[in-house]
Each structure stands twice: as C-alpha cells, then as structure tokens.
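Shown next, in structure tokens, is the structure this report addresses.
The values are calculated or read from the model by the stated rules, or taken from the named source; none is laboratory data. What you see is a predicted model; the values in this text were computed from it and never measured. When we count neighbours, we look across all protein chains shown, and the Cβ atoms used for this are built from the backbone with ideal geometry, even at glycine.
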Amino acid sequence: MGIKHLIESQQLDKNIIFEIFRNADKLRTSTKKPLKEKILATLFYEPSTRTRLSFESAMLRLGGNVISTENAKEFSSAVKGESLHDTIRIISSYADIIVLRHFKEGSAKIAASVSPVPIINGGDGSGQHPTQALLDLYTIWKEIGKIDNITVAMVGDLKYGRTIRSLCYLLGKFENIKIIFIAPENLSIKDDIKEYLEKHNVKFEEQTNLNNFLGYVDIVYMTRIQKERMSDEEYNKSKGKYTITKENLKLMKENSRLLHPLPHVEEIELPIDIEQTDKRVAYFRQAENGLYVRMALLDYLLL
C-alpha cells in the first residue's frame with residue numbers, strides 16, 4: 001500500500017524503499033518529464049542548502065515548476081501571526097505537493113492533517129528528516145552493495161540529530177544490523193530510538209572512543225554538533241570531541257565508507273585532494289544521490 005505524505009521514516013516499508021531506489025537509478029539517465037505542469041512548493045522556516053535546492057532541481061528535471069520561500073519564518077505571513085494550519089491550506093491551493101522544513105518537531109504532521117496535497121517532511125526541528133534517511137540508505141546500498149549484514153558507527157550529536165533518528169528507523173527494517181553510537185555523554189542517543197531498535201532486533205552499543213571502531217565498521221556516519229539546538233554550555237562540552245582527520249582516516253577499512261549529511265564543520269578535517277580521491281570519502285556522492293532519490297520520491301507521490 002502506498003503513502004500520501006512522507007512525514008516519518010517509519011512509514012516506509014522495504015517495498016516502497018526499493019521501488020524508490022530502482023526509480024532513482026532510472027531517473028539518473030532518463031530524459032522523460034513525467035511531472036510536466038505539476039508545481040512544487042518549498043516552504044522552509046529553517047535554513048537549507050541541499051534539501052531545498054535538490055528538491056527544486058528534482059522537480060525542474062522532472063518537467064515541473066517550483067514556487068519557493070527559503071526563510072518563511074521572516075518572509076511569509078508567519079511574521080504577521082498566521083498559523084501553520086492556515087499557511088498550508090493556502091499553499092496547497094497553489095501547488096500539487098509541498099516540502100516543509102520547520103523549526104518545531106511535529107510540524108510536518110500538523111501540515112499533513114490539513115493538506116489535500118502531499119506533504120514531505122524536509123526536517124522538523126530535532127524530530128525527523130526522512131528524505132535524508134532515504135538518500136543515506138540509498139548511498140549505503142550503492143556504495144557497498146547491500147544494506148543487510150552491516151555495522152554502522154553513528155558519531156556526534158545523537159541527541160538532537162534528526163538525520164540519525166530517521167536513519168535508525170530505516171535500518172531497523174533490515175537484517176543483522178549493528179549500530180555503534182559514539183557521542184559525548186550529554187548528546188547520547190535518546191531512549192525512544194533504543195527502544196525501537198530493541199523491538200526490531202537491531203544490536204547496538206554506546207561508546208565514547210571513535211578511533212577504537214574505525215577499523216571495524218562498514219559505515220562511519222559523522223554529524224556536526226548542532227550549536228543552534230543547544231545551550232552554549234552544552235555546545236562547549238561537545239565541540240571538537242570527534243574529528244575525522246587524514247591520520248585516523250587510515251584506520252578505516254578499504255571498503256568502508258565515510259558519510260555525513262552535511263554541512264560539516266570541525267568534525268571533518270580532510271584535505272580537498274583526499275576528499276576527491278579516497279573512495280572511502282562518500283559524502284559528496286551522498287549529497288548528489290539526494291537529487292535522484294528526491295526525484296524518485298516526487299515521482300512516486302505524484303503519479
């Protein structure tokens with residue numbers, strides 16, 4: 001059974017995931033324009049580079065059109081006090097599908113409750129970012145050829161990291177997955193994710209030393225410490241604690257991959273030549289994959 005809105009990763013089963021993945025592969029080289037005359041609205045209350053622009057590029061490549069606001073918190077009627085409910089009801093009369101990024105967790109669910117057109121959650125506070133999880137999983141599938149039977153290290157801000165949360169929900173649908181959570185004590189993974197993983201028989205452990213596991217895992221998924229989501233005290237406790245450098249990159253297995261949802265700051269300190277030539281560094285290919293996955297998702301929801 002299909003879905004109308006994409007609000008959280010839990011909505012996606014394996015059949016939908018691989019249908020989107022197979023279509024993403026086809027759309028890399030397709031010249032067809034299946035969404036001609038369709039309109040995408042990108043409604044972003046928080047900053048974005050990759051998510052907003054890749055969705056807009058995806059729609060244009062599929063033959064559709066785009067209407068957009070990149071800072072709806074300041075440059076929409078939200079400034080005048082308009083509710084999200086009303087904004088969505090208005091925009092849904094202008095567009096065939098809406099991608100929403102909002103600073104409050106749960107906002108995408110609220111939007112979906114009143115929208116007659118599909119809503120895609122482009123990130124809601126520290127809640128979820130399901131399309132990022134889809135492109136992360138697609139990247140794992142493309143880079144190492146499988147999703148079952150892998151070990152993943154998730155590193156950095158695991159408390160507020162919506163990309164981490166969303167990816168955990170997807171990994172829970174596969175077999176023989178092991179996750180190593182590596183984070184400062186004040187930014188450890190939340191209990192609801194651990195409970196979900198236990199329920200779905202995903203092995204996991206919590207550790208603090210990154211280098212001890214670099215030679216063991218298949219995927220190293222780095223995240224930045226999100227200063228905007230925490231107090232200065234909490235940020236200062238955590239910043240710079242985990243970093244991938246030229247030196248510890250050597251500890252990673254030859255066939256493992258380094259992922260990051262981007263943007264990266266002090267947690268990755270690699271020279272550009274290594275980023276361009278070391279096949280283990282996959283995060284720019286990961287970002288590019290987002291275009292094709294989002295093309296496939298738009299196609300799935302609108303056709």
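Taking into account only those residues within segment 26-53 that are touching a residue at least 60 places away in the same chain (Cβ under 8 Å) and of a type in the set (A, V, I, L, M), which is farthest from HIS264 (Cα to Cα)? This residue is LEU35. Of the strands (runs of 3 or more DSSP E) lying entirely inside segment 202-264, those containing at least 3 residues that are of a type in the set (A, V, I, L, M), modelled with pLDDT of 90 or more and closer than 16 Å to VAL155 by Cα span 219-222. State all residues of segment 53-80 that are out of contact with any helix residue (DSSP H, G or I) (no Cβ under 9 Å at 6 or more places or on another chain) and at pLDDT below 90; if no residue qualifies, say none. Within segment 53-80, THR69, ASN71, GLU74, PHE75, VAL79, LYS80 meet the criteria.
Pick out the one residue from ASP192, ASP124, ASP157 that is assigned by TED's automatic domain parsing to the domain that holds ILE16 and acidic (Asp, Glu).
On the way: ASP192 fails: assigned by TED's automatic domain parsing to the domain that holds ILE16; ASP157 fails: assigned by TED's automatic domain parsing to the domain that holds ILE16.
After ruling out the rest, the residue left standing is ASP124.
For the subset of segment 251-285 comprising residues that are among the aliphatic types (A, V, I, L, M) and within 16 Å of THR163 (Cβ to Cβ), which member is nearest to the chain's Cα centre (by Cα)? Before the answer, list the steps.
Step one: list which residues in segment 251-285 are among the aliphatic types (A, V, I, L, M), which gives 251-252, 258-259, 262, 265, 268, 270, 272, 274, 281-282.
From what's left, within 16 Å of THR163 (Cβ to Cβ): 258-259, 262, 265, 268, 282.
Numbers: LEU258: 15, LEU259: 11, LEU262: 10, VAL265: 17, ILE268: 18, ALA282: 15 Å.
Going through the qualifying residues, I end up with LEU262.
If you take the residues in segment 135-155 that are of a type in the set (S, T, N, Q) and either part of a helix (DSSP H, G or I) or in contact (Cβ under 8 Å) with a residue 40 or more places away in the chain (or both), which one is nearest to ALA296 (Cα to Cα)? Selected residue: THR139.
Conditions (1) out of contact with any strand residue (DSSP E or B) (no Cβ under 6 Å at 6 or more places or on another chain); (2) free of Cβ contacts under 8 Å to residues at least 12 places away in the same chain; (3) crowded, with 19+ Cβ neighbours inside 10 Å, marked per residue:
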position	(1), (2), (3)
LYS159	yes, no, yes
LEU167	yes, no, yes
LYS173	yes, no, no
ILE177	yes, no, yes
GLU195	yes, yes, no
GLU198	yes, yes, no
THR208	yes, no, no
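Within segment 180-193, work out how many residues are without any contact (Cβ under 8 Å) to a residue 40 or more places away in the chain, out of contact with any Asp or Glu (no Cβ under 8 Å at 6 or more places or on another chain) and of a type outside the set (Asp, Glu). Adding up the residues that qualify gives 2. Only one of the numbered conditions (1) part of a loop (DSSP other than H, G, I, E, B); (2) modelled with pLDDT of 85 or more is not met by GLN10, and that is (1). For ARG280, indicate whether it is at pLDDT 95 or above and not acidic (Asp, Glu). When the stated conditions are applied, ARG280 passes them. Of all positions in segment 203-213, at least one carries a residue that is closer than 25 Å to PHE284 by Cα and touching a helix residue (DSSP H, G or I) at 6+ places or on another chain (Cβ under 7 Å).
When each of LYS4, LYS33, LYS26 is tested for being surrounded by fewer than 21 Cβ atoms within 10 Å (Cβ to Cβ) and not in a loop (DSSP other than H, G, I, E, B), the lone residue that passes is LYS26.
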